[in-house]
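This report refers to the structure that appears directly beneath it.
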Amino acid sequence: MAWDPNLYLRFDRYRRQPAIDLLARIDLQAPAHIFDLGCGPGNVTTMLRARWPEADVTGIDSSKEMLAQAREHDPSLTWIEEDISSFATRDADLIFSNAAFNWVPNHAQVMPRLVESLSANGVLAVQMPRNYAQPTHTEILACITAEPSRAHLGTAVSYDHVQPPGFYYDVLAPLVQDLDIWEVNYTHILSGEDPVLTWFMSTALRPVLEALEGAEREEFLEEMRVRYRAAYPPRPDGNTLFEMQRLFLVARR
Ligand SMILES: C[S@@+](CC[C@H](N)C(=O)[O-])C[C@H]1O[C@@H](n2cnc3c(N)ncnc32)[C@H](O)[C@@H]1O
């Protein structure tokens, strides 16, 4: 699936905030080896470098487009094209991941492998959106099921990878010395026309739109525009408020 870094970065301020909040909860003095999994355009990766300037920082992503943007953003870091669902190493002092593991299935296997990749006292820090019960996601599913001819799109949406907090407790607590799990419901104040549609065209809607073409794609987009406008009507001043629930976990091996 192709990613569009420019569209994704349009809401950089809001997308970056959870990464800032996650970073603030990491208690590490001088990690030598840092990995940013699903690094995207690299904006967050450079925040890791800024906090720990002596560290060896590697950003990993499967998208060529995102990595090209990341390399341009900071050529001094190491950028690797790789699938993070099978990521494993031996000496990571920090494995950081912002808004990427929601694209990866099988967290019961993936999360323990990440912990095993940490050095002693190493930290795993992950943030994933968990908004599946909100109109952001239910409206996409409703739009697919509204037309029998859209049945094939069902395989393009997999919005159930991220589990409730108790799941991560059960999987991770036996493996680590310390574990924090929390959720935040961010209210984003967005300007412009149909900003929720624009936001999700670069993420959750992307696989669906890629599976459509021509008039069918236009029809689907128009229907989503109407659905999102109804679910997230603009305020009298033109701004639109929408809520994003996000799950955080910080585990120390
Ligand atoms: C929403 S972006 C987040 C980018 C960045 N972490 C940030 O906070 O701005 C999700 C990123 O995860 C990457 N991604 C999704 N699934 C992946 C996988 N299985 N392996 C590697 N990267 C993946 C995408 O290519 C994309 O760049």
Scanning region 95-130 residue by residue, the ones that are assigned to a strand (DSSP E or B) and either under 23 Å from residue 199 (Cα atoms) or within 14 Å of the ligand (Cβ to nearest atom) (or both) total 9
Name every residue in region 88-104 that is touching a Ser or Thr at 6+ places or on another chain (Cβ under 7 Å) and not aliphatic (A, V, I, L, M), in order of residue number. 89, 90, 91, 93
Count of region 138-165 residues which are more than 18 Å from residue 85 (Cβ to Cβ), at pLDDT below 90 and crowded, with 16+ Cβ neighbours inside 10 Å: 2
Looking only at region 19-54, count how many residues are near the ligand (Cβ under 8 Å from one of its atoms), part of a helix (DSSP H, G or I) and either more than 18 Å from the chain's Cα centre (by Cα) or in contact (Cβ under 8 Å) with a residue 40 or more places away in the chain (or both). 2
Which of the following residues is surrounded by fewer than 18 Cβ atoms within 10 Å (Cβ to Cβ) and more than 24 Å from residue 209 (Cβ to Cβ): 71, 49? 71
Just checking, how many residues over region 190-208 are part of a helix (DSSP H, G or I) and touching a helix residue (DSSP H, G or I) at 6+ places or on another chain (Cβ under 6 Å)? 5
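The values are calculated or read from the model by the stated rules, or taken from the named source; none is laboratory data. Computed from a predicted structure; not experimentally measured. Ideal geometry is used to build each Cβ from the backbone, glycine not excepted, and the neighbour counts take in all protein chains shown.
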